[in-house]
Amino acid sequence: MKENNQKMSNKKKRILIGCIIAAVVIAAVVLILIFAGKASDRGKKIYVQSVRSLMGTDTFSNRFSGVVETQRSENIELDLSRQIEEVYVTEGTKVKSGTPLFSYNTDTLRLDIDQMSIEIEKYNTMIQNSSEEINQLRATMSTLPASEQLEYSAQIQQLQADIAQYQYDIKTKQANITAYQSAIDKSTVTSPLNGTVQKINDENAIRNGDIQGNEGNVFMVVTAEGDLRVKGSVGEQHIAELSQGLPVIIRSRVDTEQIWHGTVASINTQSTEQNNNDYYYGYDSGESSSKYSFYVNLDITEGLMLGQHVTIELDRGQGNSKDGIWLSSGFVAYTENDEPVIWAAKKDGAKLEMRKVTLGIYDAELDMFEIQDGISADEYVAWPSSDCKAGMPTTTVMTYDNEDYVDYEEYVEDYADDYGKDGDYGVFDGGEGMIYDGANVGEETKE
């Protein structure tokens, strides 16, 4: 009996031990899954941007190259039938209406006039001789019977036809002499307006057909004094962004804070030239890209100079400074009680937190809210998403597929001052991309 009780007790102990082991295994699995999920969250960082940089609403908006010119310009074409004798001006010369620009050689025209004058004298002599011969034939005919006058009548008719031809040739020569003399009188080409000689093309290049675009036989371009406008250049990939009447901002390349306002007056949809060294998203696309011209009428021209190089960007209100803190409405989320909140961090790398904010005015045109309270310009904000959780670490380095991309905040700090200057950081050169260090600024660029 005791043996049976002992066996039952041992069996119960084994069952109990088995249950304990099973419970430990299950608990371990659950803990592993829990900690694995937390470890996954710990490895993820939320991308944030500084409020201060976001308040510069269009720091890296698309900019197109442009040059200041006058509203009116005159193209002086080359007469390909004539040779240039002398050029009296250079590019940049200030001229008045009637100022000599260049002159054609007249030696050939004068020789031609002399030759035609000699030929006219010859024709007049031949007319005189033919007229005298006709008179003699008529005198002889008057003494002959009618049956013998037929041959003389035919000779007279032939001489009259010759005289008519000589007279026609004389009129033709006289017309040519008049035209040639007029060309000699106008051999000196003068400026049709008050202005500046903007461009002088090479004569041989024109004759060889080497001048590209719409200039064709244009030898000189003279721009008028008066109201200024801006001629811009845009590539085929971005021409759809422009339309007539669209407000734009003109920005100085030297001082990017100096701006002028204007509107797109016209867009030339005829391709002006090919950009065979086209860069798109930071690399050579290997394809040629057409460039188009567009023109901007300015509200105020004070401070601009003829020929000045500028940049052109769409006016989305970035030229109008706003007091206080303004953020895109996309940064504002709402709780179940419709309370506005923003995911924020005190600094780069700080823990993410859901911050209640007080909204002020809403700018419908820019789709921006005034943030009256709850966030400061020195703090950072994240775009609301399902990844945002309170306490998560933050970073200003954008990631994609676990690969690091350009640190936007560091880029702004290091390069914003140079943006849009002669280095063309972030400026479209009329081709297909904002070239910066082999990368397309404004796109998340892999290091």
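The values are calculated or read from the model by the stated rules, or taken from the named source; none is laboratory data. Computed from a predicted structure; not experimentally measured. We place every Cβ from the backbone using ideal geometry, glycine too, and count neighbours over all the protein chains shown.
Search region 353-383 for residues being touching a Lys or Arg at 6+ places or on another chain (Cβ under 7 Å) and within 22 Å of residue 45 (Cβ to Cβ), and hand back the single one that is surrounded by the fewest Cβ atoms within 10 Å (Cβ to Cβ). Among them, the one singled out is 378. For region 203-214, the tally of residues that are crowded, with 16+ Cβ neighbours inside 10 Å and assigned to a loop (DSSP other than H, G, I, E, B) stands at 1.
Can you work out which of the residues in region 390-400 that are assigned to a loop (DSSP other than H, G, I, E, B) and either in contact with a Leu (Cβ under 7 Å, 6 or more places away or on another chain) or outside the structural domain of residue 331 (by TED's automatic domain parsing) (or both) is surrounded by the fewest Cβ atoms within 10 Å (Cβ to Cβ)? Taking the candidates together, the pick is 391.
Could we say that residue 85 is of a type in the set (D, E, K, R) and farther than 30 Å from residue 162 by Cβ here? Taking the combined requirement at face value, the residue satisfies it.
Being at pLDDT below 95 and over 48 Å from the mean Cα position of the chain (by Cα) is the requirement here; does residue 180 meet it? No, not satisfied.
Mind listing whichever residues of region 328-384 are of a type in the set (Asp, Glu) and outside any strand (DSSP E or B)? Within region 328-384, 336, 338, 339, 348, 365, 367, 378, 379 qualify.
Let's see how each residue does on (1) buried (at least 18 other Cβ atoms within 10 Å of the Cβ); (2) closer than 23 Å to residue 96 by Cα; (3) over 24 Å from the mean Cα position of the chain (by Cα); (4) outside the structural domain of residue 87 (by TED's automatic domain parsing):
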residue: 200; (1), (2), (3), (4): yes, yes, no, no
residue: 218; (1), (2), (3), (4): yes, yes, no, yes
residue: 222; (1), (2), (3), (4): yes, yes, no, yes
residue: 227; (1), (2), (3), (4): no, yes, no, yes
residue: 234; (1), (2), (3), (4): yes, no, no, yes
residue: 237; (1), (2), (3), (4): no, no, no, yes
residue: 240; (1), (2), (3), (4): no, no, no, yes
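Considering region 75-88, the residues that are acidic (Asp, Glu) and outside any loop (DSSP other than H, G, I, E, B) include one that is farthest from the chain's Cα centre (by Cα), namely 85. The condition of being farther than 26 Å from residue 81 by Cβ, touching a residue at least 24 places away in the same chain (Cβ under 8 Å), touching a Phe, Trp or Tyr at 6+ places or on another chain (Cβ under 7 Å) and hydroxyl-bearing (Ser, Thr, Tyr) does not hold for residue 123. Does region 59-69 include one or more residues that are touching a helix residue (DSSP H, G or I) at 6+ places or on another chain (Cβ under 7 Å), assigned to a strand (DSSP E or B) and either more than 30 Å from residue 352 (Cα to Cα) or at pLDDT below 85 (or both)? No, there is no match, as no residue in region 59-69 is touching a helix residue (DSSP H, G or I) at 6+ places or on another chain (Cβ under 7 Å), assigned to a strand (DSSP E or B) and either more than 30 Å from residue 352 (Cα to Cα) or at pLDDT below 85 (or both). Can you tell me which residue among 284, 255 is over 16 Å from the mean Cα position of the chain (by Cα) and at pLDDT below 80? From the options 284, 255, the qualifying one is 284. Of everything listed in (1) within 23 Å of residue 85 (Cβ to Cβ); (2) outside any loop (DSSP other than H, G, I, E, B); (3) aliphatic (A, V, I, L, M), the single unmet condition for residue 134 is (1).
Quick one: in region 141-171, of everything that is part of a helix (DSSP H, G or I), hydroxyl-bearing (Ser, Thr, Tyr) and surrounded by fewer than 13 Cβ atoms within 10 Å (Cβ to Cβ), which residue is farthest from the chain's Cα centre (by Cα)?
By that ranking, first place goes to 147.
For region 89-109, the condition holds for at least one residue, the condition being that it is assigned to a helix (DSSP H, G or I) and surrounded by 13 or more Cβ atoms within 10 Å (Cβ to Cβ). Right, residue 378: touching a strand residue (DSSP E or B) at 6+ places or on another chain (Cβ under 9 Å) and closer than 12 Å to residue 329 by Cβ or not? It is false that residue 378 is touching a strand residue (DSSP E or B) at 6+ places or on another chain (Cβ under 9 Å) and closer than 12 Å to residue 329 by Cβ. Contact map, region 348-363: first residue β-branched (Val, Ile, Thr), second residue buried (at least 16 other Cβ atoms within 10 Å of the Cβ), Cβ cut-off under 7 Å, separation 6 or more or different chains; pairs are 357/340; 357/341; 357/342; 357/371; 357/374; 357/375; 358/374; 361/370. The set of residues from region 69-88 being surrounded by 18 or more Cβ atoms within 10 Å (Cβ to Cβ) and of a type in the set (Ser, Thr, Tyr) comprises just one member, 70.
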